[in-house]
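Step one of this worksheet: look at the structure below.
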Amino acid sequence: HQIKLYTTTDMTADEIHQLGLNEVARISAEMEKVKAEVGYEGDLKSFFNYVRNNKNLKPFSTAEEVVENFNQIYKTMEPNIDKLFDKTPVTEFEVRQTEAFREKSASAEYNPGSLDGTRPGIFYVPVPDPGAYNIYSDESLFLHEAIPGHHYQISLTQENPDLPQFRKTLWYSGYGEGWALYAESLGKELGLYTDPYQYFGTLGAEMHRAVRLVVDTGLHSKNWTREEAIQYSLDNEAESEESIISEIERYMANPGQALSYKIGQLKIRELRERAEAELGDNFDIRKYHNQVLETGAVPLQLLEDKVDKWIDEEKGE
């Protein structure tokens, strides 16, 4: 029930578990390439610790510098946006530091603009200790939470006059989180990920979502203990032990939610590759992104049917 609710698919727990194991292996191999590129000699697990504690990746002393870094990321990618998107939101957007009263327990997040357009979409970044703030995943984080992730996806839905009111605030996790994770993979096309550590950051974020497929299904269908799930996460990703423990307890309390990100991302990527293969030189990435975004949140099977129909139309069938 929870798998169907959050992924909007008919996949079984066993299928998802195996998919997770496959993705963890694939992403680990890609991480090894980055480790070699920067000349690190130790194993991948020790490289995680090296990245986490690298003083060169903690260059800031004020929260304002952290916020400005995200604004600079946007300026870097802005000239390339129209290569991938020909429809962009009217809703304003800004980056803000998370308010002090909730900053210590908050994670980075996107707060949608209002339906009437009077309040901007806001990307909130908690910076309780600027000196300890590590920037290695900032580019992928901005792509996911802000542009072209949740800000484009939610704002374009809210601004679409062809959608009835209830569709403008409808949420399917497989689609919504799937789009945001897919958006992280657009970094190189948008002129980002030129620094190997930033590329490692996006691999780390993707690995985090792949690990979720393994541990969520492990806990709820394979009799894994809390401790086994924590250890698997520690062995395969760069998150801190404190963060991993809170993540595992989240999955224990809410089965299935953590599966939605990777399942949705892989489906959107699969549909893009199908369209590229079928349409060849006639494939237009901007038109594909319109197909994914214009109807707002839908179950993944409906999205697949819609894209298949569009492919046939583009081929003139």
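Please report the orientation-averaged projected area of region 21-129, defined via the convex hull of its C-alpha atoms, in nm². Intermediate values should be presented prior to the final figure.
Values: hull surface 42.3 nm².
About 10.6 nm², averaged over all directions.
Ranked from highest to lowest mean number of other Cβ atoms within 10 Å per residue, what is the order of the peptides 207-214, 18-25?
Ranking the peptides 207-214, 18-25 by packing returns 207-214, 18-25.
In nm, to one decimal, how far is the modelled label at Ala29 from the one at Lys287, with both set 7 Å along Cα→Cβ?
Reported label-point gap for Ala29 and Lys287 is 3.3 nm.
Is there a quick way to get the dipole size of region 81-173? I mean about its Cα centre, with the Cβ of Lys and Arg at +1 and of Asp and Glu at -1; what is the value in debye to the nearest 20?
240
How much length is gained on full extension from Ser221 to Lys309, taking 0.36 nm per residue of separation minus their Cα-Cα distance?
Full extension from Ser221 to Lys309 adds 28.1 nm.
Cross-link list Lys4/Lys33; Lys33/Lys87; Lys188/Lys309; Lys33/Lys309; Lys83/Lys315: which exceed 31 angstrom alpha carbon to alpha carbon?
Details: Lys4/Lys33 35 Å; Lys33/Lys87 35 Å; Lys188/Lys309 29 Å; Lys33/Lys309 38 Å; Lys83/Lys315 22 Å.
Where the Cα-Cα span goes over 31 Å, the pairs concerned are Lys4/Lys33; Lys33/Lys87; Lys33/Lys309.
Provide Thr88, Thr7 ordered by accessible surface of protein heavy atoms (probe 1.4 Å), highest first. Kindly include the intermediate steps, with their values, before the conclusion.
On the way: Thr88 70, Thr7 0 Å².
Most to least solvent-accessible, the answer reads Thr88, Thr7.
Could you please put Trp310, Trp224 in sequence from largest to smallest accessible area, using a 1.4 Å probe? Don't skip to the answer; put the middle values down first.
Values: Trp310 10, Trp224 60 Å².
Largest accessible area first, the list is Trp224, Trp310.
Rounded to whole Å and sorted largest first, list the principal axis extents of the Cα atoms in region 1-56.
Principal-axis extents of region 1-56 (Cα, largest first): 45, 21, 14 Å.
Where the centre of each part is set by its Cα atoms, how far does region 271-317 sit from region 164-218, in angstrom?
19
To the nearest 0.05, what FRET efficiency results for Asp129 and Glu78 with a Förster distance of 25 Å applied to their C-beta separation?
0.25
Could you give the size of the charge dipole of the chain about its Cα centre, using +1 on the Cβ of each K and R and -1 on the Cβ of each D and E, expressed in debye and rounded to the nearest 20?
The dipole magnitude comes to about 400 debye.
Accessible area per residue of the chain at 1.4 Å probe, in Å²?
46
Using alpha-carbon pairs under 8 Å, 6+ residues apart, how would you state the relative contact order of the chain in percent?
So the answer I get is 26 percent.
Add -39500 (n - 2.57) for each DSSP H run of 4 or more in the chain, then divide by its residues: what number comes out at 222 nm, to the nearest 500 deg cm²/dmol?
Calculated at 222 nm, the ellipticity per residue is -18500 deg cm²/dmol.
For Cα pairs less than 8 Å apart in space and 6+ apart in sequence, what is the mean separation divided by the residue count of region 73-136, i.e. the relative contact order in percent?
Values: 69 pairs, mean separation 20.7, N = 64.
So the answer I get is 32 percent.
Across region 133-139, in residue order, what do the Karplus-derived ³J(HN,Hα) couplings come to in whole Hz, using 6.51 cos²θ - 1.76 cosθ + 1.60 with θ = phi - 60° and x for Gly and Pro?
6, 9, 8, 5, 10, 5, 5
Between Lys104 and Glu273, what length in nm is gained on full extension when 0.36 nm per residue of separation is reduced by their alpha carbon distance? Intermediate results must be reported in sequence, preceding the final value.
Numbers: separation 169, 0.36 × 169 = 60.84 nm, distance 4.07 nm.
Working it through step by step, the gained length comes to 56.8 nm.
The values are calculated or read from the model by the stated rules, or taken from the named source; none is laboratory data. Computed from a predicted model, the values in this text were never measured in an experiment. Cβ sites come from the backbone with ideal geometry, for glycine too, and all protein chains shown count toward neighbours. With ligands, DNA and RNA removed, areas are computed over all heavy atoms of the protein, side chains included. Shrake-Rupley method; radii C 1.70, N 1.55, O 1.52, S 1.80 Å.
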